[in-house]
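The values are calculated or read from the model by the stated rules, or taken from the named source; none is laboratory data. Here the structure is a predicted model, which means the values were calculated and not measured. So basically every Cβ, Gly included, is an ideal-geometry build from the backbone, and we count neighbours across all protein chains shown. Heavy atoms of the whole protein, side chains included, go into the accessibility calculation; ligands, DNA and RNA do not. Shrake-Rupley method; radii C 1.70, N 1.55, O 1.52, S 1.80 Å.
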Amino acid sequence: MNHDQAPAMLTTATGWRKSSYSQGENNCVEVTTELGGWVGVRDSKLGPYSPLLAVTTAGWHALLAGELT
């Protein structure tokens, strides 16, 4: 699967998890790892109506580690 196909596949994901910072007025992001090799990211305020960002698992780990250039 390539980067153009991943967002379409993620629209059917059901296992979205909210950020621990998404409490009360602090709406944040939701992520899913249901699609092997990909991490889906969306706006928690919009839920299923949010645009999706698809990031490879390796790219997600680099983002979290602050290793993106």
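Note on segment 43-59: residues that are in a loop (DSSP other than H, G, I, E, B) and open to solvent by 30 Å² or more (accessible area, probe 1.4 Å) amount to 4. Checking Val29 against (1) of a type in the set (Val, Ile, Thr); (2) surrounded by 17 or more Cβ atoms within 10 Å (Cβ to Cβ); (3) modelled with pLDDT of 90 or more, only one condition comes out false. Which one? If we test Val29 against (1) of a type in the set (Val, Ile, Thr); (2) surrounded by 17 or more Cβ atoms within 10 Å (Cβ to Cβ); (3) modelled with pLDDT of 90 or more, just (3) comes out false.
With respect to Lys18, determine if the residue is at pLDDT below 90, surrounded by 12 or more Cβ atoms within 10 Å (Cβ to Cβ), basic (Lys, Arg) and touching a strand residue (DSSP E or B) at 6+ places or on another chain (Cβ under 9 Å). For Lys18, the condition - at pLDDT below 90, surrounded by 12 or more Cβ atoms within 10 Å (Cβ to Cβ), basic (Lys, Arg) and touching a strand residue (DSSP E or B) at 6+ places or on another chain (Cβ under 9 Å) - is met.
In the set (1) surrounded by 13 or more Cβ atoms within 10 Å (Cβ to Cβ); (2) modelled with pLDDT under 85, the condition left unmet by Gly24 is number (1).
Within segment 1-42, being within 10 Å of the chain's Cα centre (by Cα), of a type in the set (Phe, Trp, Tyr) and in a loop (DSSP other than H, G, I, E, B) holds for one residue alone: Trp16.
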